[in-house]
Each structure stands twice: as structure tokens, then as C-alpha cells.
Amino acid sequence: TMIKLQFNSTYYFTNHYKTITYSSNDYVASPFFVDITEIREESKLTNASIDLTLSATVTTILTDLITYGHVGKTVTVYLALLDANGAVITNPIEFFSGETISMKYAETTTRTEIVLAIANHWARLKQFSGRRLTDKGQRLVFSDDPSLEFRDQVGKKITWGAQS
């Protein structure tokens with residue numbers, strides 16, 4: 001398994017016992033690449049996600065994520081077949097590609113870990129783009145503006161005319 005982490009800098013790791021060179025990049029054999037959750041194949045389009053666990057001793061990655069943000073960073077997982085000398089046979093298979101949606105940092109007395117949740121591009125379909133406005137939020141910025149006072153009543157039936 002090879003992973004490509006495209007954060008502020010790009011990082012290449014493999015869980016192989018030695019470094020794999022592919023496409024002029026060295027996928028470093030590293031104990032910091034701890035685990036990747038099962039990637040399931042589905043017969044229908046789904047909003048798939050995986051968790052990638054890295055040892056937090058990779059302080060450069062932790063610093064990168066904290067300094068430049070962790071949401072929306074591209075992660076690609078490849079499956080490579082190797083020959084007897086450890087060289088890649090043809091091209092690795094891109095097994096999963098997605099963007100980071102969350103990060104957890106866990107520290108105990110025996111270990112520290114970064115867990116990145118990564119979702120495929122179908123996760124964006126349910127994303128809300130733009131700004132959500134409320135009367136309270138509008139009045140924080142413009143205290144005398146009542147324009148959103150009845151915003152929460154949008155969609156309710158409005159009866160015009162005199163009531164009997």
C-alpha cells in the first residue's frame with residue numbers, strides 16, 4: 001500500500017519494508033504509517049470514507065495540518081504489485097482518492113496518533129455551499145437591520161387579507 005498526502009507539502013509513505021520509487025517519487029517505508037481502515041467496494045455510488053492513522057511522531061505532518069489546515073486536503077491510496085527486487089510492476093492501482101474531512105489527535109502515555117477521516121468526492125454532493133444567514137447573526141454585524149427578522153418563517157403558508 002502506498003499513500004500520497006497532498007497537504008501544504010506532499011508526503012509519500014508505504015507500509016512496505018523498504019522505500020518504493022514510483023513516478024520519480026520515493027514512497028518512504030515508515031513506521032509512522034500505522035493503519036488504514038478497510039476500503040469496501042460497492043456496486044452503487046456511495047459516499048465512502050476511510051480513516052488513516054499516522055503516528056504523531058511525524059511532527060512535520062502535524063505541524064503542517066495545524067498551521068495550514070486539515071480540511072479539504074487530498075489523500076490518494078495506491079495498491080502496488082512488486083517484483084522480487086521490490087520494483088513496481090507496471091502502474092500501481094489507485095484504490096481510493098478523497099479529501100480530508102476531519103482530524104483527531106490522540107495522545108496517551110504510550111503513543112500519539114493522528115487519525116484523518118477521508119471521504120471520496122461524492123461527499124461533496126451533500127455539502128452546503130455559501131453562507132447561512134440568521135437574524136441573530138445579521139444583527140451582530142448590523143444591529144439596526146431587521147431584514148432577516150422573519151427568515152425562519154420562509155416556507156410557511158402566509159394568508160393575506162382580513163382574518164375572520
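The values are calculated or read from the model by the stated rules, or taken from the named source; none is laboratory data. Only a predicted model underlies this, so the values are computations on that prediction, with no experimental measurement involved. Here Cβ is always computed from backbone atoms with ideal geometry, including for glycine, and neighbour counts include all displayed protein chains. To get the accessible areas, we keep the full protein, side chains included, count just its heavy atoms, and leave off ligands, DNA and RNA. Shrake-Rupley method; radii C 1.70, N 1.55, O 1.52, S 1.80 Å.
Under a 1.4 angstrom probe, counting protein chains only, how are 38, 99, 107 ranked by accessible area, largest first?
38, 107, 99
Ordered by packing density, taken as the mean number of other Cβ atoms within 10 Å over each peptide's residues, highest first, how do 83-92, 61-70 rank?
In decreasing order of mean packing, 83-92, 61-70 become 61-70, 83-92.
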